[in-house]
Amino acid sequence: MGGETDGAGRLPFLQKGIVYQLAKATNGLGVILEHRYYGSSIPTKDFSTENLRFLTTDQSLADTAYFANNVKFAGLEDVDFSPKTTPWIAYGGSYAGAYVALLRKLYPDAYWGAISSSGVPEAIYDYYKYFEAAAVYGPPACVEYTQKTTDIIDKILIGKKGTEYVGQLKSIFGLPNVTHDADFASAINGGIYGLQSYNWDPTQSSDEFFDYCDIVASDELKYPKTKSLRESVNELITVAGYGDEVDVLSNHVLNYVGYYLPRGASCQTEDQDECFSTYDTEFYSQDSIAQSWRLWPYQYCTQ
């Protein structure tokens, strides 16, 4: 199942991985099926909210059941692929993992089985456990200093809201002109997200998470240019309630700052709100076919 992406991106699963392995083991046929509205499977002239009403999981599941019951493959017209005689097994990961579980539940006559890899069958608004793997299994020093730095930032943005300390915090990251605190917070996180890209297959894997951890966990100052920020950083550490740890935390927080400074530098020639704001209503009103970013948010906001 293609899930919330272009089906062509899933074609490598026919060459290696579980779809290939299952097809080979069962003398079966592997198929990548694209989800309606993604890739080239676009049924409407634009992505207006009105036209996105057909983008539902229920309707896509019905598409998939219809496919199993009616598909004809060129060169195999003499083979009966009806679910009544041929077992169909659906496979998917993440959203597509939840999708195939629902498919098996709702259409048991069409799909003999389903393999849900990292399925997400329940929508949870504040899903802090998303990062639990990083917190529990990440390098201990990286976990400790990421948590403490995050707490310092939260205590400034939330506990000191309306004070000069918020502007001071934004300035040390090179983002003094990001108006909304939520946009600022979004711009200075991401390192721990890298764990999701770690893969058993080195050709598909990324060491981003561990590169981030090596920097944040280091007792040494990794970015000499942040040395000039030490006085300001130490003040914020103290204001956030970590004054008794300021000597230990100082380099770690500066390393965290140095890791994200390039994001602010990338917007030197334009307004920082244009770079980082999520409050631009004109942007969200764009609905041409080119605005494919609208599709997945529409699904997770309405489903």
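Evaluated over segment 56-185, the count of Lys pairs having alpha-carbon atoms less than 23 Å apart is 10 (only pairs 8 or more residues apart or interchain).
For segment 264-303 versus segment 122-201, the spacing of their alpha-carbon centroids is 20 Å. Accessible area per residue (1.4 Å probe, heavy atoms of protein chains only) ranks TRP112, TRP293, TRP88 as TRP112, TRP293, TRP88, with the largest value leading. Working from Cα pairs under 8 Å separated by at least six residues, relative contact order for the chain is 18 percent.
Taking amide H positions as modeled 1.01 Å from N, with prolines and chain starts lacking one, the residues under 5 Å from TYR91 and 5 or more places away or on another chain are ILE115.
Which whole DSSP H helices in the chain pass both tests: a Cα extent of 24 Å or more along the axis and a mean Kyte-Doolittle value no lower than 0.0? Mind dumping the intermediate values first?
Working: long enough: 140-157 (26 Å, -0.06); 246-265 (28 Å, 0.24).
Those that clear 24 Å and a mean of 0.0 are 246-265.
All C-alpha pair distances within the chain, sorted into 10 Å bins from zero, spread as 5, 21, 25, 21, 16, 9, 3, 0 percent across the bins. By the Cβ rule of 4.7 Å, the chain holds the following cysteines without a possible disulfide partner: CYS301.
From largest accessible area down, sort CYS213, CYS275; use a 1.4 Å probe on the protein chains.
Order by accessible area, largest first: CYS275, CYS213.
Taking the Cβ of GLN303 as the centre, find all other residues whose Cβ is under 13 Å away and add up their charges (Lys, Arg: +1; Asp, Glu: -1). After counting each charged neighbour, the total is -2.
Net charge dipole, segment 1-64: roughly 300 debye, given to the nearest 20, about the Cα centre with Cβ charges of +1 for Lys and Arg and -1 for Asp and Glu. Summing +1 for each Lys or Arg and -1 for each Asp or Glu among the other residues whose beta-carbon sits under 10 angstrom from that of LEU157 gives +2.
The values are calculated or read from the model by the stated rules, or taken from the named source; none is laboratory data. Note that the structure is predicted; figures quoted are calculated from it, not measured. Note: ideal-geometry Cβ built from the backbone for every residue, glycine included; neighbour counts use all protein chains shown. The accessibility values were calculated without ligands, DNA or RNA, using every heavy atom of the protein model including side chains. Shrake-Rupley method; radii C 1.70, N 1.55, O 1.52, S 1.80 Å.
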